[in-house]
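Visitor: Take a look at the following structure, please.
No lab work stands behind these numbers, since they all come straight from the coordinates. Predicted, not measured: the structure shown is a model, and the values here were computed from it. For neighbour counting, all protein chains shown are included, and Cβ atoms are generated from backbone atoms with ideal geometry for every residue, glycine included.
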Amino acid sequence: MDRTALEQLSKHDLIALLLAQEAHHVAEMASMQARIAELERRLGLNSSNSGKPPSSDGLRKPVRVSSLREPSGKKTGGQKGHPGETLCRTETPDAIIDHYPSACARCGAADRGDGHWPCCAAEPAPAKAGVFDLPEPQPLVVTEHRGHDCRCAACGAQTRAGFPDWATAPVQYGKRIGAFVLYLLHYQLLPEKRLATLIADLFGVPLATATIARISRGCAERVQNFAMAVRDQVAAAPVKHLDETGFRIGGKTQWLHIACTTLLTFYRVSAKRGSLLANVAGIVMHDHWHP
């Protein structure tokens, strides 16, 4: 509105115009503040406070939240009555190595020439120091299974003995190697290449990453029925918790879904974030995170 038009307004009209403009400015300011708050919230999103996968955090990792536990007033460390774990001396060591002085501590005379000092008639009990260590790496233990043919004395039929159900190939790795690989791969979360290097360095076993993947797939097939039984139990439970988190597989974002009760936990991977279990009954709990 120009100056001439303002001069023609009455006092009441001018006051009403100014009030209307002020209300408009207040509304604009509130909208801008809300927009700024939303942009700041988006900038602060990371894998710890949203559904974004950890890979999206980049080199700048989120600040770790300090402990929310209240002070208990107790001293730090193990509490009184805690059993603890420590090494204890054993009376049946696997090996004994005797050590003798190479020279007399008083006069410096050397030993008698055969590497040992003549022992006293009343030699005191030697000092002992127990050292607990890992055994030296041993070469692979190869067990050959032989299926023999036997002829029946009653009817003359010839029968060949079968192999154990896990010995299915002329040459293969045994169950101990498979169990060790599964433990390191799925519990300790070692990548396949690093796991192969570790097995080769410690035991001299040249495992290929394809072999590690095959061992993992074989385990998954063996426990499939158990996994489905857990899934059905969780889906039918009166109360269960559902959630998901994003992660990367082969460079693509996938979603790890969890469905659990106080006793059972079922994991599954899906390309869809909102994918739900089928045949879910009862009450479903979630963490109330709005997205």
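Visitor: Near residue 272, which aspartates and glutamates are there with a Cα under 18 Å away, not counting those fewer than 8 places off in the same chain?
Guide: Reachable aspartates and glutamates: 243, 244.
Visitor: How much of the pair distance distribution for the chain lies past 34 Å, counting alpha-carbon pairs only, in percent?
Guide: Summing the P(r) of the chain above 34 Å gives 65 percent of all pairs.
Visitor: Pick from 55, 270, 72: which is most flexible by mean-square fluctuation in a GNM of the chain where alpha carbon atoms under 10 Å apart are linked?
Guide: Maximum among the listed residues: 72.
Visitor: Just to confirm my numbers, what's the Cα centroid distance between the range 225-242 and the range 133-207 in Å?
Guide: After rounding, the separation between the Cα centres reads 34 Å.
Visitor: Quick one: what are the phi-derived ³J(HN,Hα) couplings along the range 141-150, Karplus 6.51/-1.76/1.60 with θ = phi - 60°, whole Hz, x for glycine and proline?
Guide: 8, 9, 10, 9, 8, 10, x, 8, 8, 10
Visitor: Could you check which residue among 260, 150, 219 shows the biggest mean-square fluctuation in a GNM of the chain with a 10 Å Cα cutoff?
Guide: Maximum fluctuation in the GNM of the chain, among the listed residues, is at 150.
Visitor: Tell me the angle of helix 192-203 to the major Cα principal axis of the chain, expressed in degrees between 0 and 90 and rounded to the nearest ten.
Guide: That works out to roughly 20 degrees.
Visitor: Using only the Cα atoms of the range 171-222, build the gyration tensor, take square roots of its eigenvalues as a ≥ b ≥ c, and label the shape rounded, prolate or oblate: rounded if a/c is under 1.5, else prolate if a/b is larger than b/c, else oblate.
Guide: Verdict is oblate for the range 171-222.
Visitor: Still on this model: GNM on the chain, C-alpha springs below 10 Å: top fluctuator among 80, 240, 272?
Guide: 80
Visitor: For the range 224-291, what is the Kirkwood hydrodynamic radius in Å, using each pair of distinct C-alpha atoms? It would help to have the intermediate numbers written out before the result.
Guide: Details: mean 1/r = 0.0792 Å⁻¹.
Radius from the Kirkwood sum: 12.6 Å.
Visitor: As a test of the formula, what do you get for the chain when each DSSP H run with n ≥ 4 contributes -39,500 (n - 2.57) and the sum is divided by the residue count, at 222 nm and rounded to the nearest 500 deg cm²/dmol?
Guide: Helix-only estimate at 222 nm: -9500 deg cm²/dmol.
Visitor: Could you order peptides 186-192, 10-16 by the average number of other Cβ atoms within 10 Å of their residues, highest first?
Guide: Values: 186-192: 12.1, 10-16: 9.9.
The peptides rank, most packed first, as 186-192, 10-16.
Visitor: For the chain, find the longest principal axis of its Cα atoms and tell me its angle to the long axis of helix 209-222, 0 to 90°, nearest 10.
Guide: So the inclination is approximately 80 degrees.
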